[in-house]
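The structure appears below as structure tokens.
Each reported figure results from applying straightforward, stated rules to the coordinates on display, with no laboratory input. Note that this is a predicted model, so its numbers are computed, not measured. FYI the Cβ positions are ideal-geometry reconstructions off the backbone, even for glycines, and counts take in every protein chain you see.
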């Protein structure tokens, strides 16, 4: 293979062996000529030469600083005029240099060649950057092929080498030599990037009656390679969708956990639950502002401070709501629904007056931006990872609270049988207030999480009430396990449906599914066992 | 056992009721057209186009409120999906209005402008026949009715009730709104239908057309009221209120609540569809925001303000809320949501019977005072006579409140 490449590059005329101190006169002549094809050939030769003189000349070309002066090609650098062949200053400066023109494709080629030359740089970071840039957009690959060969021969670094191999293979795809193309296709088949697949796809397509790729062996190889890439892509695609689904599910879980508690304990739907999310998100916004003005050194940790603040602010708002309104409507769940809707309107308008009707900007702290790159097409953003972990943590705390504390026992007792709990001395009225406070506080936590991935505005909570109630309906009332399964399941299913049918249809399908589901199981997935009749 | 107050209130329309209906009917078809068309604008009794449109719109809302009262006040089922039925009726009739535009649209094409925009060449199948007025009117009733029937059948059959049912209807409305927001659905997407030109060949903005539409709205409202009263006064109505108050007991006696609920639910949806059909030509636009969650909940507050289980009350509720909305959104737009929110809270907390209940309470208190005065006078006249027990039970309406909630 190497030999083949060498022969090929020699065949072009100015092989790697032909590197000299000065730029070859044929090249200079080509550049000076009026014919763009000749210029193109000359640029290719420069790229191939890849020495300091060639680099200088290419740079000058890209800066439009190359000119013809008499029979000489010169580089105009301010006052000085340099000889294009060796960079020596010309004295006296020749009169009236006539600058040479480039067309678009030529300019692209020059830029590509410059980028490729950076592959030979001493600085490792620069080489890596250049390789990545070329991977994203190579332009005319065939002309750069000799340079890639050269770079690959010199390269020692383990990070850059695979990229160079891929670059070389990509460039060879356009080669007229079928054996070279075959080799390239086989190399590319080991990649797992969607971009490579896009490169290979044209090879097996038909143009009119003939295949774009004349050689059958290459076509077959391309087919196998695409299949192999697809196989690898499928898994990372699936993993990516499952992850976004889980991330959506964890938000739903945070929104629904609180609702499940309040609905379970009191049997009322709090339509202002979404607005408690909003309260939590605005708490995060307020903490951000506070940290920015007071503790600019710790601004990255405002989220940590926002968590307890949001919990207590939302819990306070919730308890206030319970004390002033909801308490007086016990036994009238439908009216509670209307009254809490009224509360939600008041909260929205209050947020508008306090913070303005526009969305506010809540920035991700530095440690939450970026992501973990697991595969070419699978990167998990840190903010979503943190949110998934956070909702797991909240779930754990709620579980401990509900199952290991006296308060939790009381809450469960009231959920299961309010009059009996009252009879054995559970202070049901106080439990109601506390449970409502806890549920609202969890919604506030959900708001902090939401502020990291979604827009924060007065209306942000409105969309969540239906979704989170769906989670409660699916999971069954007062069931932590049910809420978890329902939230994650809904999240993942929604994301898969979105990929398949688009966001709106996915939403409709999920709602239709839930409506059908509660036909079969009106008590949800995890129903409390018992015999109740009203 | 106490007779539910609702039945007492609506024991038929009675001669005074019919007289009132006739008076309103005449006023709508004779006095209002005269005041709008004949009197000069400077005349103090002149009714402006703005007023006619506004009142016509509120009348359509009032029909929805009465329909909502039938299902919520008497059936105990809080629907958060009535906005959907209203909008479906509007869209059905809107299709006819779109077809009436003909080639007068901006693109001068045979198909509505938004379809030209989507690069469609012909009408989709569900638009066939929409150039017929009667077919669209039928659609406006049948489409909400059919959807309500199917949805209600499955929901009531599995005995979904209370807040569950409310939220499921809300989810249905939400899904429908998302569906109608899509351009590919073929109903104009975000912008919906607008720029209507004609109805049955008459210009839609002509004063005469407006007056006729206004009269029709009044007629529909009166018809809804008469139908509602008749339904409630019948045996059907008695069973329905019984289901509202104690569904299980009614089942144990041998009634199947499914049929009763399903019937009133479907009738209510069809009435909403008709109201929507009348609403669209008067307002001149229909778009998916009519199906928003907030709109459907607002319908419930009209009924709550007016008084549940009173049929007439919701008409006033719709009027009060919408007039204040008009006033607030022009004078203090930033406080409208506060007002509406507080209305929701205060009415449910302190006025569970709504305006109608307040009126009944005031009347009862007056009667009580009169009875007390009479008793005193009697006691003064005959000192030895025993005390008359306090007259009417002021708590009567609570029967509705506690169970209907």
Q: Using only alpha carbon pairs under 8 Å that are at least six residues apart, calculate the relative contact order of chain A and give it in whole percent.
A: 15
Q) When only C-alpha pairs under 8 Å and at least 6 residues apart count, what is the relative contact order of chain B, in percent? A) 29
Q) Let a ≥ b ≥ c be the square roots of the eigenvalues of the Cα gyration tensor of region B:124-236; is it rounded (a/c under 1.5), or, if not, prolate (a/b larger than b/c) or oblate? A) oblate
Q: Rounded to the nearest 10 degrees, what's the angle between the helix A:480-501 long axis and the longest principal axis of chain A, both from Cα atoms, 0 to 90?
A: 40
Q) Using only helices, what value at 222 nm comes out for the protein assembly as shown when you add -39,500 (n - 2.57) per DSSP H run of length 4 or more and divide by the total residues, to the nearest 500 deg cm²/dmol? A) -22000 deg cm²/dmol
Q) Can you put B:308, A:294, A:181 in order, fewest other beta carbons within 10 Å first? A) A:294, A:181, B:308
Q. Going by alpha carbons, how many degrees (0 to 90, nearest 10) lie between the helix axis of A:104-118 and the longest principal axis of chain A?
A. 80
**Q.** Which of B:330, A:262 has the fewest Cβ neighbours within 10 Å, and the rest in rising order
**A.** B:330, A:262
Q. Could you state the per residue volume, in Å³, of the convex hull enclosing the Cα atoms of the protein assembly as shown?
A. 278
Q) Residues of B:148-161, mean number of Cβ from any other protein chain within 10 Å of their own Cβ, rounded to a whole number? A) 2
Q: Report, to the nearest 10°, how far helix B:313-331 tilts away from the longest principal axis of the Cα atoms in chain B, using its own Cα long axis and a range of 0 to 90°.
A: 60
Q) What residue among B:38, B:95, B:172 shows peak mean-square fluctuation when chain B is described by a Gaussian network model with Cα springs under 10 Å? A) B:38
Q) Exposure proxy check: B:46, B:82 ranked by fewest other beta carbons within 10 Å? A) B:46, B:82
Q. Using a ≥ b ≥ c from the Cα gyration tensor of region A:263-465 (square roots of the eigenvalues), is it rounded, prolate or oblate, where a/c under 1.5 gives rounded and otherwise the larger of a/b and b/c decides, a/b for prolate?
A. prolate
Q) By the gyration tensor of its Cα atoms, with a ≥ b ≥ c the square roots of the eigenvalues, what is the shape of chain A: rounded for a/c under 1.5, prolate for a/b over b/c, or oblate? A) prolate
Q) Between residue B:219 and residue A:400, what is the label-to-label distance in nm when each label sits 7 Å out along the Cα-to-Cβ direction? A) 7.1
